[in-house]
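Below is one structure, written out as structure tokens, with a few remarks after it.
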Amino acid sequence: MKATTLIANRYLFSRKHVSLITTLTMISISGVTVGTALLIVVLSVFNGFFDIIKSMLLSNDPDLRIEAVEGRSFLHTNDIDSTLAGISEISVQSPYIQGKVLVAHRGRRDQVVLVKGIDPERFAQFADMEALLTAGGLDLAVHNQKPGVMLSDPLSRSLRLNIGDDVALLSAAGMQRALTQFTGPRVSRFEVRGIYSLQQVIDEPVIYIDIHAAQRLFDQRNHISGIDISLHDHEKANIIRNQLHQKLGDEFIVQTWYDLQRPLYDVMNLEKWGAYFILMIIVIVAVLNIVGSLTMIVIQKQRDIGLLRSLGFRKKDIMTIFFKQGWYIGLIGCLLGGSAGLLLCYLQDTYGLVRLAGAESFIITAYPVQILWRDITLVLGGSMLLCLIASWYPAVRASSIHPADAVRNE
């Protein structure tokens with residue numbers, strides 16, 4: 001064992017008696033332990049909520065979406081399909097057309113909703129609508145001269161619609177045609193074939209119809225609003241987005257699942273890292289105790305430091321002694337706090353010890369946790385760095401002690 005390590009251990013963990021310095025050291029270790037454990041638990045809870053919201057949104061949002069830079073629609077060509085087919089990471093591509101329509105049913109209160117025209121076979125491959133259906137099915141084909149429509153559960157209850165009922169849809173293009181040509185508005189009638197229930201973060205009623213029926217409704221023959229893309233691994237969305245941008249050119253914009261809900265995801269990340277910096281105050285308080293305890297050791301061991309200098313210890317060696325003391329305090333605190341934080345996360349994830357108040361109607365009943373090792377590394381690394389920074393002033397003060405001054409003052 002090096003001499004600097006031996007001296008650092010002896011100064012920090014004296015076995016003779018419990019002194020004020022020992023008490024301050026224990027307080028410092030306790031502060032680092034509590035702060036580290038709290039940081040790990042809180043960040044893991046934020047990660048858990050982020051994962052829950054993300055899974056809810058991805059049940060309806062694609063991994064990538066292609067839209068035109070200018071205009072609300074673009075011509076769907078074979079060249080675009082060939083480009084997408086050449087990327088092996090793409091599992092499903094589903095063109096769609098969407099817009100606002102006025103929904104009416106037997107003179108009841110009309111509503112403006114978002115209509116999305118889809119290809120049912122492709123759409124079903126990346127959006128598990130069958131699992132979300134509460135009544136009927138994903139049948140949007142034409143039967144008895146009426147195409148099918150699938151409604152959200154809140155909208156069906158608002159309009160008192162059931163399977164088999166007729167509903168009228170009027171688009172803005174139809175109203176504009178009626179005004180410019182002085183004719184009655186062209187109303188398209190659909191038959192309710194399915195009702196689905198979806199936990200939506202942004203509550204906006206959406207109804208689904210066949211893409212060809214939507215093109216007729218919005219007067220957009222052979223045009224689409226965009227293409228939803230599902231990947232084999234959604235974590236590669238940024239890489240595939242860059243590839244598509246290079247191949248498709250500047251006429252199209254490619255958005256990832258994060259871009260589609262960026263304001264919500266950004267707010268959640270801001271809250272997470274805001275909590276991180278606030279809780280780091282606990283570690284900073286513990287770090288101030290480290291400064292005090294090590295400074296008191298410097299004052300108390302001034303004669304010893306002078307003797308060490310006279311025996312040939314360099315200033316660098318003296319600084320190393322006190323840096324190692326700060327390192328030991330941080331290491332012990334991080335090990336204890338990291339272990340406690342991971343244990344609490346495991347117990348919460350396994351047994352749901354802390355329940356959510358009033359969450360009977362929500363999809364979870366206890367606080368979710370998700371451990372990300374990059375967060376653990378950041379917490380432990382940040383705590384250790386603060387402990388080393390706290391050791392700097394006492395180390396510099398100790399190294400500046402001259403042997404003759406130490407003996408004279410003693």
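Tabulated values for the structure
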{"read-out": "Mean Kyte hydropathy of 1.0 or more with a Cα span along the axis of at least 24 Å, helices from DSSP in the chain", "value": "20-58, 262-300, 373-390"}
{"read-out": "Cβ crowding within 10 Å averaged over residues, with 319-326, 242-249, 393-400 ranked highest first", "value": "319-326, 393-400, 242-249"}
{"read-out": "Karplus-derived HN-Hα couplings along the range 147-160 (A = 6.51, B = -1.76, C = 1.60, θ = phi - 60°), whole Hz, x at Gly and Pro", "value": "x, x, 9, 10, 10, 7, 4, x, 5, 5, 6, 5, 9, 6"}
{"read-out": "Net charge contributed by nearby residues that have their C-beta within less than 11 Å of residue 194 (K/R +1, D/E -1)", "value": "-3"}
{"read-out": "Summed residue charge, Cβ within 12 Å of residue 371's Cβ, Lys/Arg positive, Asp/Glu negative", "value": "-2"}
{"read-out": "Spatial separation of Cα centroids for the range 284-344 and the range 220-237, in angstrom", "value": "57 Å"}
{"read-out": "Size of electric dipole in the range 205-347: Cβ of Lys, Arg +1 and of Asp, Glu -1, about Cα centre, debye, nearest 20", "value": "1180 debye"}
{"read-out": "Convex hull per residue volume in Å³, alpha carbons only, for the chain", "value": "213 Å³"}
{"read-out": "Within a Gaussian network of the chain (alpha carbon springs, distance under 10 Å), most fluctuating of 117, 338, 71", "value": "71"}
{"read-out": "Dipole magnitude of the chain about its Cα centre (Cβ charges: Lys, Arg +1; Asp, Glu -1), debye to nearest 20", "value": "2080 debye"}
{"read-out": "Extent along principal axes [Cα atoms of the range 64-259; Å; largest to smallest]", "value": "50, 42, 31"}
{"read-out": "Hz values of 3J(HN,Hα) by residue in the range 136-144 - Karplus curve (6.51, -1.76, 1.60), Gly and Pro given as x", "value": "x, x, 8, 10, 10, 6, 7, 10, 6"}
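No lab work stands behind these numbers, since they all come straight from the coordinates. Here the structure is a predicted model, which means the values were calculated and not measured. We place every Cβ from the backbone using ideal geometry, glycine too, and count neighbours over all the protein chains shown.
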